[in-house]
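J.: Encoded as C-alpha cells, here's the structure I'll be asking about.
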C-alpha cells in the first residue's frame, strides 16, 4: 500500500506543521478528532489549532496504510513531537475520504508512555 502512504503521509505532515488554516483546508465537514481528553468536531479542531503554538520538531515513523475501497483509506504511524521541553509520543490513526481531494474524516491519538 505504498502508493496510499505516499498520498496520505504528506497530508499528515502538512497538518502537523500547520495551524488552523491547514485544518480548514483538509478537514471534512463531518470530521471527528479524538485527542487526549477530548473529542473535537471540525470547528473545535480548527479552533484548537489556531490556539496552538505548534511543534518545534516532529517525526512520523512506521507508517502503514489500508485502503477502504477506491475513495477511502486509513493511515497509521508513530508520532514524536517536541514543543519546548514537552515531548509527545503517540500512535496516530487518520481516516481519509476522497471528495474534492483527500479529506480527513476521523483521527485518533493514543499517547505512548
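The values are calculated or read from the model by the stated rules, or taken from the named source; none is laboratory data. Here the structure is a predicted model, which is why all the values come from computation and not from measurement. Glycine also receives a Cβ, built like all others from the backbone with ideal geometry; neighbour counts cover every protein chain displayed.
J.: Within the range 1-46, can you find the residues that are touching a helix residue (DSSP H, G or I) at 6+ places or on another chain (Cβ under 9 Å), touching a residue at least 60 places away in the same chain (Cβ under 8 Å) and not in a helix (DSSP H, G or I)?
T.: If the condition is that a residue be touching a helix residue (DSSP H, G or I) at 6+ places or on another chain (Cβ under 9 Å), touching a residue at least 60 places away in the same chain (Cβ under 8 Å) and not in a helix (DSSP H, G or I), then 27, 28, 30, 31, 32, 33, 35 are the ones that fit.
J.: Return the only residue of 84, 69 being surrounded by fewer than 16 Cβ atoms within 10 Å (Cβ to Cβ), within 20 Å of residue 28 (Cβ to Cβ) and out of contact with any strand residue (DSSP E or B) (no Cβ under 9 Å at 6 or more places or on another chain).
T.: One residue alone meets the criteria, 69.
J.: Oh, and also: Would you pick out the residues in the range 21-42 that are more than 15 Å from residue 103 (Cα to Cα) and surrounded by 14 or more Cβ atoms within 10 Å (Cβ to Cβ)?
T.: Passing the criteria: 34, 35, 40.
J.: State which residue pairs qualify: first residue farther than 10 Å from residue 36 by Cβ and inside the range 102-113, second residue modelled with pLDDT of 95 or more and surrounded by fewer than 11 Cβ atoms within 10 Å (Cβ to Cβ) in any location, beta carbons under 9 Å apart, and separation of 6 or more residues or different chains.
T.: That search, which allows pairs on different chains as well, returns 103/29.
J.: Here's another thing I want to ask about it. Scanning for something assigned to a strand (DSSP E or B), touching a residue at least 40 places away in the same chain (Cβ under 8 Å) and more than 13 Å from the chain's Cα centre (by Cα), does the range 47-64 turn up at least one residue?
T.: Yes, that holds for at least one residue.
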